[in-house]
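Take a look at the structure below.
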Amino acid sequence: MFAYIIRRLWQMIPTMLGVMLLVFVLFNWVGGDPTFILEGKRLTPEMLANIRVQLGLDKSLPEQFFLFVKQVLTYDFGNSWATQHEVTHTLATRVGPSLMLAGSLLVLELLTALPIAVAVAYFRGSLTDRMVTMICTVAMSVSSLVYIIVGQYQLGFVMDWFPVMGWDDDSMLTNLLVYLPLPLLLGVLVSLAPSVRFYRSFVVEELNHDYVRTARAKGLSEPKVLFKHVLRNALIPVVTNITMSLPFLMLGSMLLERFFGIPGMGNELLNAVDKSDFPVIKAITITIAGAAMVFNLLADVLYKWIDPRVQLK
């Protein structure tokens, strides 16, 4: 196991270099000249030259790429073009709200969707199963924007059960009890239907295996068959779904953050895109890429822990 982890860590180096090269090419050749984005098109030659020197655009492309690699290794992306604040410090202040929102949402969605999926799979083919499947299909057909806008209007504005938007930078408890319940409720409604359908399919597949019939023939109770045997073997796709979602916890739920005024990473990314704030966009892109590789490794380790028969190569 230790040798496998070391080997995977070494494999991350060329992968990250590839990501950095792709980001560098996209921002330098596709993103346009940032000097015009910063100052508009009414520039004198002297102003243009000064801005390009400040941004390091007067250097050759290999030198610019080397500077970008250095920024990634030191995790120092300079200052934001829009706010002139240090990018690393800005992102550090945005991680907390995103983790509070997306982390709570992930836990609530898992604790809600998995038991429903197991129960529905157990009664597969019944009227209950068909009704839940139909409801999930209809719910998945509705845009998440509809849930957010209608929920925000009805529950926040009309009924006044929750604040429409807001965030307290000084009190985590206030955020959890006052500002997060409505975004979490709407987030669970959006993600519940696809998660139930996804988990149900794998539980049904496990229920059709021979080991389930053998366990029942031995006299094991249905709860023990379901939760000790079936659910354990169905956990691999569940773990995949969760670990693939973990890197995006730092981004949070961008639409929820945007509509509810939550100062998280997702909201910061949308603001950076609106203002063509390349340093912020590059920092978030590299952060998510690195997190994705780390959590993919974590998923493989969890597979081995869940099923010792899994061979890690």
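Computed quantities for the displayed model
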quantity	calculated
Among the candidates 282, 304, 275, residue that is out of contact with any strand residue (DSSP E or B) (no Cβ under 6 Å at 6 or more places or on another chain), basic (Lys, Arg) and at pLDDT 80 or above	282
Qualifying residue in the range 180-200 (condition: open to solvent by less than 80 Å² (accessible area, probe 1.4 Å), without any contact (Cβ under 8 Å) to a residue 24 or more places away in the chain and over 23 Å from residue 224 (Cα atoms))	yes
Residues that are surrounded by 15 or more Cβ atoms within 10 Å (Cβ to Cβ), within 17 Å of the chain's Cα centre (by Cα) and farther than 21 Å from residue 271 by Cβ, drawn from the range 63-104	104
Qualifying positions in the range 251-286 - under 21 Å from residue 76 (Cβ atoms), open to solvent by less than 30 Å² (accessible area, probe 1.4 Å) and among the β-branched types (Val, Ile, Thr)	280, 281, 284, 286
Top-ranked residue of the range 71-124 - restricted to ones that are over 22 Å from residue 235 (Cβ atoms) and among the hydroxyl-bearing types (Ser, Thr, Tyr), ranked as modelled with the lowest pLDDT	83
Total residues in the range 180-203, condition in contact with a Leu (Cβ under 6 Å, 6 or more places away or on another chain) and within 12 Å of residue 120 (Cβ to Cβ)	1
Residue match in the range 113-124 (condition: out of contact with any strand residue (DSSP E or B) (no Cβ under 6 Å at 6 or more places or on another chain), surrounded by fewer than 16 Cβ atoms within 10 Å (Cβ to Cβ) and aliphatic (A, V, I, L, M))	no
Criterion violated by residue 211 - all others in (1) open to solvent by 50 Å² or more (accessible area, probe 1.4 Å); (2) within 30 Å of residue 91 (Cα to Cα); (3) hydroxyl-bearing (Ser, Thr, Tyr) satisfied	(2)
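The values are calculated or read from the model by the stated rules, or taken from the named source; none is laboratory data. Just so it is clear, the model here is predicted, and its values are computed rather than measured. Don't worry about glycine lacking a Cβ; one is built from the backbone with ideal geometry, like all the others, and counts go over all protein chains shown. Only protein heavy atoms, including side chains, enter the accessible area calculation; ligands, DNA and RNA are left aside. Shrake-Rupley method; radii C 1.70, N 1.55, O 1.52, S 1.80 Å.
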